[in-house]
Amino acid sequence: MNAPVRVLVCDDQALIRTGFATIIDAQPDLEVVGECGDGRAAVDLARRLNPDIVVMDVRMPVLDGIEATRLLAGAGVEHPVKVLVVTTFNLDEYVYEALRAGASGFLLKDAPPAQLLHGIRTVASGAALLAPEVTRQLVGRYAARIRPAEGTPDDVALTPRELEVLRLIADGLSNGEIAAELVISQETVKTYVSRILTKLGLRDRVQAVVYAYRRGLVT
């Protein structure tokens, strides 16, 4: 049997923190190794406990979740930790910054428990998770901040179909939705996604979404 995925839960609201921990710990393949209520504690605990994934709130005292994510998963971090950001969309104007800081996934706090567990497993497996409604509403809402990069070369040898898949990823479609849209199998979609990430030197779907907006492929 594989070792359980080790999870650190960070949220400044004790009730939510305890609720997440209870839901996660009830799963045989997941284990909560620590809890904390601010970003500084999250960074310190993550470095000490070496969890597989940190479930991170954004708005917290001492150090906010964005800066904590940057310190744990940002560019140049020697041993990055996977971060799943869970927050309240309507109250949060800094989500795009959290994604730029290196978060591998994003969920809303009102997501059902099954979606939280799916998100943890998805991110822990090395994949990225952007709930489709999050991508559509949130990245779309902050698109004005994502200026197309200046002086960048043309998209690196992406085929017309790969560009099409990239645009659909940026629109927030899941692999299943992309497969239905293009009338191809989900396995074929996975192959396209993998090829796109490799060609563009991107880590995951989150970076693909940001890339597509920065290059003006979607507006």
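The values are calculated or read from the model by the stated rules, or taken from the named source; none is laboratory data. All values reported here derive from a predicted model rather than from experimental measurement. With ideal geometry, Cβ positions are generated from the backbone for all residues, glycine too; neighbour counts draw on all protein chains shown.
When Ile120, Ile184, Ile146 are checked against the criterion of being at pLDDT 85 or above and farther than 17 Å from Asp204 by Cα, a single residue qualifies: Ile184.
Filtering Val77, Val43, Val62, Val55 for residues that are assigned to a strand (DSSP E or B) and not acidic (Asp, Glu) leaves a single hit, Val55. Which residue is nearest to Arg214 (Cα to Cα), if the candidates are limited to segment 158-169 and must be over 21 Å from the mean Cα position of the chain (by Cα) and assigned to a helix (DSSP H, G or I)? Result: Leu163. Residue pairs whose Cβ atoms lie under 6 Å apart, sitting 6 or more positions apart in sequence or on different chains, and linking a residue in segment 182-193 that is assigned by TED's automatic domain parsing to the domain that holds Leu168 to a partner that is loosely packed, with under 15 Cβ neighbours inside 10 Å and not hydrophobic (A, V, I, L, M, F, W, C), are Gln186/Gly176.
The C-beta contact set for segment 99-111 (first residue in the same structural domain as Thr122 (by TED's automatic domain parsing), second residue surrounded by fewer than 18 Cβ atoms within 10 Å (Cβ to Cβ) and in a loop (DSSP other than H, G, I, E, B), distance under 6 angstrom, 6+ apart or interchain) comprises Ala101/Gly74; Gly102/Gly74; Lys109/Thr88. When each of Asp64, Asp44, Asp29 is tested for being at pLDDT below 95 and of a type in the set (D, E, K, R), the lone residue that passes is Asp64. Restricted to segment 78-93, and to residues there that are farther than 15 Å from Val9 by Cα and touching a Lys or Arg at 6+ places or on another chain (Cβ under 8 Å), the residue that is modelled with the highest pLDDT is Thr88. Here is the figure for segment 170-219: residues that are of a type in the set (Asp, Glu), more than 16 Å from the chain's Cα centre (by Cα) and surrounded by 14 or more Cβ atoms within 10 Å (Cβ to Cβ) total 2. Close contacts from segment 12-23, counting a first residue that is in the same structural domain as Val85 (by TED's automatic domain parsing) and a second that is assigned to a helix (DSSP H, G or I), with Cβ to Cβ under 8 Å and a gap of 6+ residues or different chains, come to Phe20/Leu116; Ile23/Pro113; Ile23/Leu116; Ile23/Leu117. The set of residues in segment 203-219 that are in a loop (DSSP other than H, G, I, E, B) and of a type in the set (A, V, I, L, M) comprises Leu217, Val218. Scanning segment 191-216 for residues being modelled with pLDDT under 90, out of contact with any Asp or Glu (no Cβ under 8 Å at 6 or more places or on another chain) and not polar (S, T, N, Q) gives a total of 14.
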